[in-house]
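See below for the structure under consideration.
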Amino acid sequence: MTALRGVGAALADRLRHLGVTQVQDLLFVLPVRYDDRTELKRIGSLCAGMRALVEGEVQLTEVVFRRRRQLLTRLSDGSGFLTLRFFHFSSAQQQGLARGARLRCFGEVRRGPQGLEMVHPEYRHVTPGADAVEETLTPLYPLTEGVTQGRLRVLIGQALAELDNAGVHDWVPQEVLADLALPSLREALRYVHRPPRDARLEDLSAGRHPAQRRLAFEELLAHQANLRLLKRATRTDPAWALEDAAGLAGRLLASLPFRLTGAQARALAEVEADLRAERPMVRLVQGDVGCGKTVVAALAAARAAGSGLQAALMAPTELLAEQHARNFRAWLQPLGLPVALLSGAQPARARRSALAAVAGGEVQVVVGTHALFQEGIAFANLALVIVDEQHRFGVQQRLRLQEKGRARGRFPHQLIMTATPIPRTLAMTAYADLDVSVIDELPPGRTPVQTVVIAEQRRDEVVARVSQACRSGRQVYWVCPLIEESEELRAQAAEETAAQLAEALPEIRVGLVHGRLNATKKDAAMLAFQSGRIQLLVATTVIEVGVDVPNATLMVIENAERMGLAQLHQLRGRVGRGAAASSCVLLYRAPLSLLARRRLEVMRQTNDGFEIARRDLELRGPGELLGTRQTGLAQMRVADLMRDADLLPRVQAAAEVLLNGYPDNIAALSARWIAGGEQYGRVG
Ligand code: ADP
Ligand code: MG
């Protein structure tokens, strides 16, 4: 890094946070947006919301006290007035802004008490007509502590000046580029860092300019090829071939009170074929809420146990871990298989003895939360890890799990279950290191959930509906508002709601679960609900995933306008699990934003998780990445899976070309695009 002028050790260190370790890395620190400073705007032509460059003469500068001490400067260019507002200022600054001073300012225009204003604009003094405007649009870079925009711009400018001899190599093979019809790497880099003044700012802001698409293609390719390489590497590791000599999976299947759906049977066959191989399975089972993923997992666990080895199931919450443990016990104990539950709430002694049984191999099936497994449990011979509901389960975690489970030179098989359906092309990119099975069919006899959207003012009608459902022997979920501030406040809100409902419905048995209850209490409430002793369960979104009570036929969701589609769909999946017709009431508080209105409309129209995922992607604009949060995919710099979805088939084909013909280029591309710590290399 020190090859650049003016970069000392301290700055080099800060740049490392942006993934910059050598001069050419700077070129891949990409602008997040652009300002147009190529043109002076007349003050009279400004509107609120614009970011604009203006020039004018100071008419008046004064310090005023309105709640806070502040400096107001009135600027005019003959076409109108603009107020500049400063909350932090020095007296030197104040003097510099005296009447008659000529300023050029850049900032965001907003409506203020005396007309349009800019708060803390960038400004400098100018001599009329003497200063040129910018030749190109001004890039704004992602900031890292201690590196200013100005500094980054200068450094990147230096790197750009050396672009032609700095050896920024194009690692995408010519044969791939040929039919891409996008600019060359150098052209693309030059363009995104210094867009000409006639560049279409809308295209650039939306990330749709060909130069950006060229870079997005390369970034997607880097991730894709990297994941595929990883997949190749993991599949050459040794694993136990699970033959199930004891025939436990077959016996479990025969003992089930239902037949598997065609889709479950297909997924199971794929899982079993993987488990019988001496290479680790890394398979994602994707299927909408209620499609019956758990039993597929239990059958896989039975196969491991029937092969004399151990299986572990990790759930995202205590509540779910407990529910899985109950289900697994009901299915597996009749086959003579004990199931250990490792819970955070367990007394230390119970936990110690469970841990000992797991380490000694006396227990073959273990259920716990993700957190518990991260603490490191010793297994006697772990052959299968099952991860439930893995929204936030990324590549790194999958790798770590694999390393952790390693015993006697063998790696465990991994089965990951998710209820977040994403369209197929996206899945192939986001989960390129996984094999994917899809369960796209619900067990028979389910009636689709009817969804209605009702304003908060009509709460009484909804309460009456709850009462009616309970009187006819059904059960009801009432989901409390999503309060972001804290678990504590969420718990409080749930308690208040439960108290109000209990008062309004004295004949009904009301229960409560929220994140602040300890596991024993939560478990007790859930059990009581499951067994029907509680008729109305008031809950925070802790019940979001996986909870299964077929007799519950009504769900009320408060403040539904504040929740995302994925979450609403997950919640709604708690009802409609039995044969009786179920409904879901989405309560909202007016006014609804356009986006919220559309989301609720989607919920009303369809129950299909894949369709909802598709609509969700449409509704989220570009920039709001599906990737990171939902799929555990690494954060990307220019690419956006949704916006650039049309590139994905070509990205996949290109990854194939790289894997087969240019394996060395993959490392180079990864080094360029995937920040140091996040590269999907093997851990340890
Ligand atoms: P999810 O895929 O959301 O985890 P679950 O595994 O919790 O769904 O299954 C939902 C419910 O459907 C459970 O009560 C389960 O026992 C039941 N179930 C699963 N498979 C079938 C089937 N083939 N026929 C009938 N019921 C089934
Ligand atoms: Mg589940």
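The values are calculated or read from the model by the stated rules, or taken from the named source; none is laboratory data. All of these numbers come straight from a predicted model, not from anything done at the bench. Here Cβ is always computed from backbone atoms with ideal geometry, including for glycine, and neighbour counts include all displayed protein chains. Remember, those area values only see protein heavy atoms, side chains included, never the ligands or the DNA or RNA. Shrake-Rupley method; radii C 1.70, N 1.55, O 1.52, S 1.80 Å.
No other residue among V395, V387 is in the same structural domain as S343 (by TED's automatic domain parsing), under 24 Å from the mean Cα position of the chain (by Cα), modelled with pLDDT under 80 and crowded, with 22+ Cβ neighbours inside 10 Å apart from V395. Here the strands (runs of 3 or more DSSP E) wholly within the range 59-145 that include at least 3 residues being surrounded by fewer than 18 Cβ atoms within 10 Å (Cβ to Cβ) and more than 37 Å from the chain's Cα centre (by Cα) are 68-76.
Across the range 244-264, the qualifying residues are those that are in contact with a helix residue (DSSP H, G or I) (Cβ under 9 Å, 6 or more places away or on another chain) and within 14 Å of ligand 1 (Cβ to nearest atom), and the one among them that is most open to solvent (accessible area, probe 1.4 Å) is R259.
Evaluated against (1) under 17 Å from G473 (Cβ atoms); (2) within 16 Å of ligand 1 (Cβ to nearest atom); (3) open to solvent by 30 Å² or more (accessible area, probe 1.4 Å), G578 falls short on exactly one condition, (3). Do we have Q310 as within 16 Å of ligand 1 (Cβ to nearest atom) and either among the polar types (S, T, N, Q) or farther than 26 Å from A427 by Cα (or both) here? No, not satisfied.
Residues that are in contact with a Gly (Cβ under 9 Å, 6 or more places away or on another chain) and open to solvent by less than 20 Å² (accessible area, probe 1.4 Å) were ranked within the range 26-43; the one that is farthest from P196 (Cα to Cα) is I43.
Once the range 304-318 is narrowed to residues that are under 33 Å from the mean Cα position of the chain (by Cα) and open to solvent by 10 Å² or more (accessible area, probe 1.4 Å), the residue that is farthest from ligand 2 (Cβ to nearest atom) is E318.
Here V172 meets each of (1) among the aliphatic types (A, V, I, L, M); (2) touching an Asp or Glu at 6+ places or on another chain (Cβ under 8 Å); (3) free of Cβ contacts under 8 Å to residues at least 24 places away in the same chain with one exception, condition (3).
In the range 265-289, of all residues being over 16 Å from A311 (Cβ atoms), surrounded by fewer than 22 Cβ atoms within 10 Å (Cβ to Cβ) and in contact (Cβ under 8 Å) with a residue 12 or more places away in the chain, the one that is nearest to ligand 1 (Cβ to nearest atom) corresponds to R266. Counting only helices (runs of 4 or more DSSP H) wholly contained in the range 161-227, the ones carrying 3 or more residues that are modelled with pLDDT of 90 or more and either surrounded by 16 or more Cβ atoms within 10 Å (Cβ to Cβ) or on the phi > 0 side of the Ramachandran plot (or both) occupy 185-193. For the condition closer than 30 Å to C291 by Cβ, part of a helix (DSSP H, G or I) and modelled with pLDDT under 95, L252 does not qualify.
Residue-wise test of (1) touching a residue at least 40 places away in the same chain (Cβ under 8 Å); (2) under 23 Å from A383 (Cα atoms).
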{"position": "G409", "(1), (2)": "yes, yes"}
{"position": "I422", "(1), (2)": "yes, no"}
{"position": "L426", "(1), (2)": "yes, no"}
{"position": "A430", "(1), (2)": "yes, no"}
{"position": "D433", "(1), (2)": "yes, yes"}
{"position": "V436", "(1), (2)": "yes, yes"}
{"position": "E441", "(1), (2)": "yes, no"}
{"position": "V463", "(1), (2)": "yes, no"}
{"position": "Q468", "(1), (2)": "no, no"}
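Quick check, is L53 assigned to a strand (DSSP E or B), open to solvent by less than 50 Å² (accessible area, probe 1.4 Å), outside the structural domain of L163 (by TED's automatic domain parsing) and not β-branched (V, I, T)? When the stated conditions are applied, L53 passes them. Step by step: first the residues of the range 504-551, then only those that are among the aliphatic types (A, V, I, L, M), open to solvent by less than 50 Å² (accessible area, probe 1.4 Å) and under 16 Å from V462 (Cα atoms), then the one that is farthest from ligand 1 (Cβ to nearest atom). Which residue is that? Applying the filter and picking the extreme gives L505. Scanning the range 319-349 for residues that are small (G, A, S), within 16 Å of ligand 2 (Cβ to nearest atom) and open to solvent by 10 Å² or more (accessible area, probe 1.4 Å) gives a single hit, A330.
Residue by residue through the range 241-264, note down the ones that are within 16 Å of ligand 2 (Cβ to nearest atom) and without any contact (Cβ under 8 Å) to a residue 60 or more places away in the chain. Correct list: L260 only.
Being within 24 Å of N518 (Cα to Cα), of a type in the set (V, I, T) and more than 16 Å from ligand 1 (Cβ to nearest atom) is a property that does not hold for V358.
Out of the range 527-542, which residues are touching a residue at least 12 places away in the same chain (Cβ under 8 Å) and polar (S, T, N, Q)? Selection gives Q530, Q535, T540, T541.
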